Amino acid sequence: MALHNCMTDAAWFFPALSSLMLTSNPAVLFTYVGQESQNGLAVQHIRVSRPASAPLFTHLSTMDFYLDASSLLPLSVSFALHPDNDAAQDIQTEIRFANYQTVSGIRVPFRIQKLVQGSLFLDLTVTSVAVNTGLTDSDFTVAASRRDFPCKHEIFARLLLAF
């Protein structure tokens, strides 16, 4: 994957791990676009980006979040992917979240859809969620040296186990 496709959230599948959690980061710009209607629902539109001196970098990092106007739960997020050989060509991508259920006090979307250029690419139905099962504080301890640092696949596997 080209690096220019790494400027938006890798955690698009779970809004709680997204750019929405970076409100205190001064390198991230939050812009309130306003109240809109999306798929027949009233939403609050928030744009998140990482401003830079190069406009292309700002464009590559821009994500639009649409929050339910009453619950403020994320209903969708939109961003652009790009061909590996052309960072300037946008491939519009939208992630939709639905069927929120409360699990251990946390609202979790049990239906996630990914649309690419307006066509359904992925339709995910979550059947069960377990929160913080089998995890200890040491699972989140940073290793003392790079040699001991777990590879990204191990970290991802641990995160999957957490959810």
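Tabulated data for the structure shown
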| item | result |
| --- | --- |
| Some residue of region 48-63 being assigned to a strand (DSSP E or B) and among the basic types (Lys, Arg) | no |
| Residue check for residue 74: within 21 Å of residue 125 (Cβ to Cβ) and in contact with a strand residue (DSSP E or B) (Cβ under 6 Å, 6 or more places away or on another chain) | yes |
| Residue check for residue 77: surrounded by 17 or more Cβ atoms within 10 Å (Cβ to Cβ), under 15 Å from residue 98 (Cβ atoms) and either of a type in the set (Val, Ile, Thr) or more than 16 Å from the chain's Cα centre (by Cα) (or both) | yes |
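Here, each number is a calculation from the coordinates, and none is a lab measurement. As the structure is a prediction and not an experimental result, all values here were calculated from the model. Virtual Cβ from ideal backbone geometry, glycine too; neighbours counted across all protein chains shown.
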